[in-house]
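S.K.: First the structure, then my questions, so here it is.
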Amino acid sequence: MALDSDTATEFRRVVRDSMNAILARPGTRPELAASGYSDSAWATARDGGWLEVLVPESAGGAGLGLQDYAPILSEAGAHLFGGPLIENGAALRAISTHAPDRVDLLHQFAHAPLAIVDSAATGDRLLVSDDGVLTAELPAVRFATSARWLLVAYVRRGNGPEVAVVDARSSAAEASLRPSFDPYSGYAALRFDALRPAASEIVLSGAQAQALVADLRAAARLLASCELSGLAARALDMSVEYAHQRRQFGRTIGSFQAIQQILADMTVRTLSLQAMCQAALKRADGARGAFCRVANVAKAYAAVAAREVVEAALQVHGGIAFTREFGLGSYYTHALALQGYYGDHHQHMSELGEQLISGEVVVA
Amino acid sequence: MALDSDTATEFRRVVRDSMNAILARPGTRPELAASGYSDSAWATARDGGWLEVLVPESAGGAGLGLQDYAPILSEAGAHLFGGPLIENGAALRAISTHAPDRVDLLHQFAHAPLAIVDSAATGDRLLVSDDGVLTAELPAVRFATSARWLLVAYVRRGNGPEVAVVDARSSAAEASLRPSFDPYSGYAALRFDALRPAASEIVLSGAQAQALVADLRAAARLLASCELSGLAARALDMSVEYAHQRRQFGRTIGSFQAIQQILADMTVRTLSLQAMCQAALKRADGARGAFCRVANVAKAYAAVAAREVVEAALQVHGGIAFTREFGLGSYYTHALALQGYYGDHHQHMSELGEQLISGEVVVA
Amino acid sequence: MAHTIAFTQELVRARAPQPVGAIGLEVVGPTILRYGSDELRERFLERLLAGEELWCQGFSEPDAGSDLSSLRTTALEDRDDLVLNGQKIWTSWATDADWCAVLARMDPDAHAHRAIGYLLVDMHSPGVTVREITQLTGEREFCEIFFADVHVPRSQILGGPGEGWTMAMDTLGHERAGYAIRRGMENRTAFLDLIDVVRGCDSELSAAHAKALGELYVRLEVFDANVEVTVERLTNGDVPSPHDSVDKLLLTETEQFLYETATDLLGALRVVPDASSIPDAEVWTKGLLYGRAASVYGGSSQIQRSIIAERLLGLPKAR
Amino acid sequence: MAHTIAFTQELVRARAPQPVGAIGLEVVGPTILRYGSDELRERFLERLLAGEELWCQGFSEPDAGSDLSSLRTTALEDRDDLVLNGQKIWTSWATDADWCAVLARMDPDAHAHRAIGYLLVDMHSPGVTVREITQLTGEREFCEIFFADVHVPRSQILGGPGEGWTMAMDTLGHERAGYAIRRGMENRTAFLDLIDVVRGCDSELSAAHAKALGELYVRLEVFDANVEVTVERLTNGDVPSPHDSVDKLLLTETEQFLYETATDLLGALRVVPDASSIPDAEVWTKGLLYGRAASVYGGSSQIQRSIIAERLLGLPKAR
């Protein structure tokens, strides 16, 4: 099921208004700028029912899909809203598709912030459990210090893939916030000290776990692309606005052809990224292989396109953009972070190329 | 020995004037545009003593080096002068360095046009002789139909590298001109039908042949870079000139910032390519390893820089540039040809990178 | 709309050349349908659709390229006729055409967009001369047309005498959108060939090209995603639009990257594709040359960006 | 000249930070030496060379960035003094400086390049306030300076009262050239680190990065080749010159490509370099952020291109 166009527009407006309202409160922005997470910002998401979008009707949710959830990420990108909206969204999508009977998890993820522990997210070594026990130092996990739950993807030695959801407050898991050029990603070091997921905490094993993880990754990639798309659109808007107002050499800089050419290229990049995200979202409920592939394509493009747009925005703004007090720099550092999250353009383009050669990906 | 700066400037002026004079004669340009070669243009080079620059004094030449020969290539690039100036120049440099006693060859190459048969030139399979006999179909050899001599680099099976110079009119060698998007390269298909170089025709064998070939390739790369550099400079000049004259929207297009930004980037590319060629030429008489490396660097840069400049020139000129009757298009197709001759940027950058990793190339 | 696209798709898949009547079908036909009187529709449309009469389009002039509004060809009144004088350039397939849609100034003292008429001109009239232009690709698609005292009946003005500019812009909008869609399909076909060639390379070489193939795939998918939006826009009648310029820029960069990647595979042989072992490699080299022209024809990339800046972003006209 | 370059080279090789007195040594000092009276030279140069007095430079203003000629800071006569009012921005290390070279307008009604004076201002004077600006890199090199009724003795005008513009342009020329040389060396050092890191990767990963390393090597060699030309130019006294703008653009693109390549190696960890196993990875991320600013400070890339177009290519001033 999907929202009709008017309802979707209205929902997005409500999301945007709620974000603006909570960000207008004095304490929110400093909190976000420190750890990428704010309890009150998260409460806005939770109480606004944003995550319910992805909870099946059978579990009391709205039973909608990624296409209706994605605009939240675009707005989050535009507002630097922080928080694990990608993680909770991707997990809800993956659980509702591959383990729909785990209503407990769906409820948890619709309410409390989640961190995903998955080697593909930051290109780490594979996480392996020995006899069901996890001991590892994970260099960087988004929102590990803010999360209530940890969704952990690992390989049980000799047994194949496994997915567990554990309590982030477990004494065997210790997170500490990383100093970061992009606080909005909430990166933390995470240590597992003989963490042993209980049987009830293990969601799926083997091929089923593998399918869940593949879907989780695809959803995370696509949602990150949507966030980058919103972020790029905002950087463009800010630049156009600035070009209208900033005067140099006796005229607004927006009247200079050199600046106009930059802004036009930013527009091409931004609109085509939006189109790519839309095309990928339309395929979210199709065949899994096709969805994974198109999510990789979207992420590959978002990784370059959003970065290009924000770099051009820095150029249009000039010196002011490189100060911490002016907001645009944070858009850039966040774009740099998201560019690499779950694989950048280098990785995805190389992989897609190899798959084209091997015939694993077929061009229509 | 090298020319002092005033003499070098004067020599270059003479070369330029001679080129202009012969190109002004009605028949020359059509001949060049058909096969890249014109007897009268070649006579200008020969009689002007251009190639004598590279002949050692001991053999009756001027005993100068690549640095004094290179401006001829820059002018050739600027004038689309055609002819095997790269081949004869590179061969003279290689022979005078590695087989200086072959005065016969030095005289031949200072006078008659040469073609080089070398797998590295166009990325062909290695040419191999069996019992000293060469039988092969070479897909594309520059100026094979115009050449008086063929310098052939091959591997004698079981015996290592060998270099021979054979008569291009040998009945065992048959060349036929290729239809080409760039007639100025004079590409021809060349067939060796049991060609057996005589003992006197074999210049060097084994390690000595290998050293000669390495030097030949480095010289050819550097000279091709200089030709591209001159070609780019001319494309820039033509574009600036056109921008001064062409009017659109009631003003010269050179007064548009969008055009100015393009022309400025072309300038950066052109000047830095000239600087790179100069820096490489200064190292032509240094250690062979260092020279080979810097020639590869120059070729890698020339391959992208010149192409970028000419593509930008096409853009500045607009529609007119894409007609055969307007000259600029021939600069583009010639740049495309030279870009790939003796390796393009992809090849050289990949190789340099591998050598950096292996430690074969060391950064100062 | 959807039918036309599907039909084009099949033509491209079968590697068929562009239909000979394309200019008529895609460009002039719709304009006559929209702006023509009943008489003109009846006189021209049926024969156009039947392919009995071929059309070309004379808009650009030597001194009116990117700046179409500075055109100098005149059509001045002489009793019941208009007398046409001037020169057109970059007209596709003018040698084969029976009719030409010509923009001409109907008041020699008027400037810019004013007093421009859209004339339907019989190419067999006395005073019409056509000269072919050889392109870098070696092809002769484009022509110059010279009009010397060519008489055109007044009844063959489409729309009002001063409405030519508006109609031409409308036409160009449709042309750009339709062209982008067809060319996108052709590029995808070339990409399929490229994959086949890379597959045939030895594994070290194919690994070296994997990333470029992946990047191309991404760009083509993005292009197609954008076409989905364009089709929606066409279906809603939102043409011409400054979004056409977005489409054009995206097409240009996709196409240039595609053929650059393909011809890089040919190395030095890119100028003598016959010498390569790759079948039909000439198509790539032509694509490369044609691709460079793509950022020039139908309004240069610089012009497209200015259109976006002024009309999508609302920035002031650059002085 | 050659000595200075060799000295800088050694400093950079030893990974030493930029000398704290750099602005004085490289920028203000030469200007005082060239334009100053004997009194001013004697008063300032020895202490500057001894490092006893540190200097900063106040040229840019919030509304006079790329367009330096629109500066608004005024220095108006008041008996034997000038009274300075206004705001400067992007001044490096102003907090530590004892003196500041300030551009100010000496006639509030004058426009553009006219009536601009080059003042030597004691940073310890009453009315001077400095505010640090935190950059994206987290560093606080840049400052804002506020001047409120700051009295400057008339004797501390360098050159004539209306010659400030010419001197500033001269200064900027030297600054650009010298800066490009030093920064080029720093970039080469970072490149050496990068090679070491790639060598340490497993062979599949290092193969994937080989071409990028090769491209970087080519770009750095080209940069150095260009420096050879620049050094010749400096030695011949051909500074300032529009060629400074060529150098600046080349530096910018080299630097941006270098740190982009380096941080791409860090993947997602580029924003949390501490989390990576690569030692000193933070330097790369800072280099990336700093590199983006490189196309803005000291005249944006767009301005540099306009300078080249107008002054090297002789094109008309863009309107």
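The values are calculated or read from the model by the stated rules, or taken from the named source; none is laboratory data. All of these numbers come straight from a predicted model, not from anything done at the bench. Cβ sites come from the backbone with ideal geometry, for glycine too, and all protein chains shown count toward neighbours.
S.K.: Take residue A:210 and tell me if it is at negative phi, surrounded by fewer than 19 Cβ atoms within 10 Å (Cβ to Cβ) and either of a type in the set (D, E, K, R) or free of Cβ contacts under 8 Å to residues at least 24 places away in the same chain (or both). Talk me through it step by step, then tell me what you get.
M.R.: Working: at negative phi: yes; surrounded by fewer than 19 Cβ atoms within 10 Å (Cβ to Cβ): yes; either of a type in the set (D, E, K, R) or free of Cβ contacts under 8 Å to residues at least 24 places away in the same chain (or both): no.
Judged against the criteria, residue A:210 is not a match.
S.K.: Which condition number does residue C:166 fail, the rest of (1) within 30 Å of residue C:43 (Cα to Cα); (2) surrounded by 22 or more Cβ atoms within 10 Å (Cβ to Cβ); (3) out of contact with any Asp or Glu (no Cβ under 9 Å at 6 or more places or on another chain) being met?
M.R.: (2)
S.K.: If you scan region B:269-287, which residues turn out to be more than 22 Å from residue B:236 (Cα to Cα), at pLDDT 95 or above and not small (Gly, Ala, Ser)?
M.R.: B:281, B:282, B:283
S.K.: Of (1) surrounded by fewer than 22 Cβ atoms within 10 Å (Cβ to Cβ); (2) in a loop (DSSP other than H, G, I, E, B); (3) not polar (S, T, N, Q), residue A:12 satisfies all except one. Which?
M.R.: (2)
S.K.: Return the residues of region D:182-197 that are touching a Ser or Thr at 6+ places or on another chain (Cβ under 8 Å) and surrounded by fewer than 21 Cβ atoms within 10 Å (Cβ to Cβ); say none if nothing qualifies.
M.R.: Here is the first cut: in region D:182-197, the residues touching a Ser or Thr at 6+ places or on another chain (Cβ under 8 Å) are D:182, D:184-185, D:187, D:194.
Result: D:182, D:185.
S.K.: Residues that are at the interface with chain B (Cβ under 10 Å from one of its Cβ atoms), over 18 Å from the mean Cα position of the chain (by Cα) and under 14 Å from residue D:251 (Cα atoms): does region D:169-190 have at least one?
M.R.: Yes: region D:169-190 contains one or more residues that are at the interface with chain B (Cβ under 10 Å from one of its Cβ atoms), over 18 Å from the mean Cα position of the chain (by Cα) and under 14 Å from residue D:251 (Cα atoms).
S.K.: Restricting attention to region A:92-121, report how many residues are of a type outside the set (A, V, I, L, M, F, W, C) and closer than 24 Å to residue A:140 by Cβ.
M.R.: Kept after step one, since they are of a type outside the set (A, V, I, L, M, F, W, C), are these residues of region A:92-121: A:93, A:96-98, A:100-102, A:104, A:107-108, A:111, A:113, A:118-119.
Next, from what is left, pick out any that are closer than 24 Å to residue A:140 by Cβ: A:93, A:108, A:113, A:118-119.
Of the residues in that region, 5 qualify.
S.K.: Can you name the number of the only condition in (1) of a type outside the set (Gly, Ala, Ser); (2) more than 30 Å from residue B:325 (Cβ to Cβ); (3) in contact with a Cys (Cβ under 9 Å, 6 or more places away or on another chain) that residue C:161 fails?
M.R.: Among (1) of a type outside the set (Gly, Ala, Ser); (2) more than 30 Å from residue B:325 (Cβ to Cβ); (3) in contact with a Cys (Cβ under 9 Å, 6 or more places away or on another chain), the lone unmet condition for residue C:161 is (3).
S.K.: Has region B:142-161 got any residue that is on the phi > 0 side of the Ramachandran plot and away from chain C (no Cβ under 14 Å)? Working first, answer last.
M.R.: Initially, region B:142-161 is screened for residues on the phi > 0 side of the Ramachandran plot, giving B:143, B:158, B:160.
Then keep just the ones that are away from chain C (no Cβ under 14 Å); that gives B:158, B:160.
The answer is yes; a qualifying residue exists.
S.K.: Could you list all residues from region D:302-311 that are facing chain B (nearest Cβ under 7 Å) and either more than 15 Å from residue D:67 (Cα to Cα) or of a type in the set (Val, Ile, Thr) (or both)?
M.R.: D:308, D:309 - these are the residues of region D:302-311 that are facing chain B (nearest Cβ under 7 Å) and either more than 15 Å from residue D:67 (Cα to Cα) or of a type in the set (Val, Ile, Thr) (or both).
S.K.: Looking at region C:203-221, can you tell me whether even one residue there is part of a loop (DSSP other than H, G, I, E, B) and more than 8 Å from chain A (Cβ to nearest Cβ)? If you could, list the steps in order and put the result at the bottom.
M.R.: Start the filter on region C:203-221 by keeping residues that are part of a loop (DSSP other than H, G, I, E, B), which leaves none.
No, region C:203-221 contains no residue that is part of a loop (DSSP other than H, G, I, E, B) and more than 8 Å from chain A (Cβ to nearest Cβ).
Per-residue answers, yes or no, for (1) closer than 21 Å to residue D:250 by Cβ; (2) over 16 Å from the mean Cα position of the chain (by Cα):
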{"site": "B:277", "(1), (2)": "yes, no"}
{"site": "B:286", "(1), (2)": "no, yes"}
{"site": "B:302", "(1), (2)": "yes, no"}
{"site": "B:338", "(1), (2)": "no, no"}
{"site": "B:341", "(1), (2)": "no, no"}
{"site": "B:360", "(1), (2)": "no, yes"}
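S.K.: Next question, about the same structure. Give the residues of region D:230-278 that are in contact with a Gly (Cβ under 9 Å, 6 or more places away or on another chain), β-branched (Val, Ile, Thr) and at pLDDT 90 or above, sorted by residue number.
M.R.: D:252, D:254, D:263, D:271, D:278
S.K.: Looking only at residues in region A:17-30 that are surrounded by 17 or more Cβ atoms within 10 Å (Cβ to Cβ) and not aliphatic (A, V, I, L, M), which one is farthest from residue A:182 (Cα to Cα)?
M.R.: A:18
S.K.: Does residue D:198 qualify as being facing chain B (nearest Cβ under 9 Å) and either of a type in the set (A, V, I, L, M) or touching a His at 6+ places or on another chain (Cβ under 9 Å) (or both)? Write out each step before concluding.
M.R.: Details: facing chain B (nearest Cβ under 9 Å): yes; either of a type in the set (A, V, I, L, M) or touching a His at 6+ places or on another chain (Cβ under 9 Å) (or both): yes.
Yes.
S.K.: Inside region B:125-182, can you point out the residues that are surrounded by 16 or more Cβ atoms within 10 Å (Cβ to Cβ), farther than 10 Å from residue B:114 by Cα and small (Gly, Ala, Ser)?
M.R.: Within region B:125-182, B:129, B:132, B:136, B:140, B:153, B:164, B:172, B:173, B:175, B:180 qualify.
S.K.: How many residues are under 27 Å from the mean Cα position of the chain (by Cα) and of a type outside the set (A, V, I, L, M, F, W, C) if we restrict to region A:249-272?
M.R.: Residues in region A:249-272 being under 27 Å from the mean Cα position of the chain (by Cα) and of a type outside the set (A, V, I, L, M, F, W, C): 5 in total.
S.K.: Check region A:197-207 and report whether any residue there is closer than 26 Å to residue D:267 by Cα, away from chain D (no Cβ under 14 Å) and either surrounded by fewer than 24 Cβ atoms within 10 Å (Cβ to Cβ) or in contact with a Ser or Thr (Cβ under 9 Å, 6 or more places away or on another chain) (or both). Walk me through it before giving the result.
M.R.: To start, the set of residues in region A:197-207 that are closer than 26 Å to residue D:267 by Cα comprises none.
Checked region A:197-207: no residue is closer than 26 Å to residue D:267 by Cα, away from chain D (no Cβ under 14 Å) and either surrounded by fewer than 24 Cβ atoms within 10 Å (Cβ to Cβ) or in contact with a Ser or Thr (Cβ under 9 Å, 6 or more places away or on another chain) (or both).
S.K.: Moving on. List the number of the failed condition for residue C:314; all other conditions in (1) surrounded by fewer than 19 Cβ atoms within 10 Å (Cβ to Cβ); (2) more than 8 Å from every other protein chain (Cβ to nearest Cβ); (3) free of Cβ contacts under 8 Å to residues at least 24 places away in the same chain hold.
M.R.: (2)
S.K.: Given the structure, is residue C:270 more than 20 Å from the chain's Cα centre (by Cα), assigned to a helix (DSSP H, G or I), buried (at least 24 other Cβ atoms within 10 Å of the Cβ) and facing chain A (nearest Cβ under 10 Å)? Please lay out each step first, then the result.
M.R.: On the way: more than 20 Å from the chain's Cα centre (by Cα): yes; assigned to a helix (DSSP H, G or I): yes; buried (at least 24 other Cβ atoms within 10 Å of the Cβ): yes; facing chain A (nearest Cβ under 10 Å): no.
No: the conditions fail for residue C:270.
S.K.: Further question: List the helices (runs of 4 or more DSSP H) inside region B:284-364, counting only whole elements, that have at least 1 residues being of a type outside the set (A, V, I, L, M, F, W, C), within 14 Å of chain D (Cβ to nearest Cβ) and over 27 Å from residue C:273 (Cα atoms). Don't jump to the end; show me each part of the working.
M.R.: On the way: elements: B:288-317, B:328-340, B:345-358.
Per the criteria, B:288-317, B:345-358.
S.K.: Those residues that are touching a Cys at 6+ places or on another chain (Cβ under 6 Å) and among the hydroxyl-bearing types (Ser, Thr, Tyr), I need them from region A:61-113; list them, please. Give the derivation first.
M.R.: Initially, region A:61-113 is screened for residues touching a Cys at 6+ places or on another chain (Cβ under 6 Å), giving A:70, A:73-74.
Hit for region A:61-113 is A:74, nothing else.
S.K.: Ok, one more. Just one of (1) in contact with a Cys (Cβ under 7 Å, 6 or more places away or on another chain); (2) part of a loop (DSSP other than H, G, I, E, B); (3) of a type in the set (Val, Ile, Thr) trips up residue D:137, so point out which.
M.R.: (1)
S.K.: Scan region D:224-244 for residues that are at the interface with chain B (Cβ under 8 Å from one of its Cβ atoms) and within 18 Å of the chain's Cα centre (by Cα) and report the count. Explain how you work it out, then say what you get.
M.R.: Initially, region D:224-244 is screened for residues at the interface with chain B (Cβ under 8 Å from one of its Cβ atoms), giving D:224-226, D:228-229, D:243.
Next, only the ones that are within 18 Å of the chain's Cα centre (by Cα) stay: D:243.
Final tally of qualifying residues: 1.
S.K.: Is it fair to say residue D:288 is more than 9 Å from every other protein chain (Cβ to nearest Cβ) and within 30 Å of residue A:123 (Cβ to Cβ)? Write out each step before concluding.
M.R.: Details: more than 9 Å from every other protein chain (Cβ to nearest Cβ): no; within 30 Å of residue A:123 (Cβ to Cβ): yes.
For residue D:288, the condition - more than 9 Å from every other protein chain (Cβ to nearest Cβ) and within 30 Å of residue A:123 (Cβ to Cβ) - is not met.
S.K.: Continuing with the same structure: For residue D:217, are the conditions met, namely being of a type in the set (Phe, Trp, Tyr) and crowded, with 22+ Cβ neighbours inside 10 Å? Walk me through it before giving the result.
M.R.: Numbers: of a type in the set (Phe, Trp, Tyr): yes; crowded, with 22+ Cβ neighbours inside 10 Å: yes.
When the stated conditions are applied, residue D:217 passes them.
S.K.: Hey, among the residues in region C:94-105 that are crowded, with 20+ Cβ neighbours inside 10 Å and touching a residue at least 40 places away in the same chain (Cβ under 8 Å), which one's farthest from the other protein chains (Cβ to nearest Cβ)? Don't jump to the end; show me each part of the working.
M.R.: Step one: of region C:94-105, the residues crowded, with 20+ Cβ neighbours inside 10 Å are C:94, C:97, C:99-105.
If we keep only those that are touching a residue at least 40 places away in the same chain (Cβ under 8 Å) as well, we get C:94, C:97, C:99-104.
Details: C:94: 15, C:97: 19, C:99: 23, C:100: 18, C:101: 19, C:102: 18, C:103: 16, C:104: 19 Å.
The qualifying residue farthest from the other protein chains (Cβ to nearest Cβ) is C:99.
S.K.: Does residue A:80 qualify as being over 16 Å from the mean Cα position of the chain (by Cα), at pLDDT 95 or above and surrounded by 22 or more Cβ atoms within 10 Å (Cβ to Cβ)?
M.R.: On the way: over 16 Å from the mean Cα position of the chain (by Cα): no; at pLDDT 95 or above: yes; surrounded by 22 or more Cβ atoms within 10 Å (Cβ to Cβ): yes.
For residue A:80, the condition - over 16 Å from the mean Cα position of the chain (by Cα), at pLDDT 95 or above and surrounded by 22 or more Cβ atoms within 10 Å (Cβ to Cβ) - is not met.
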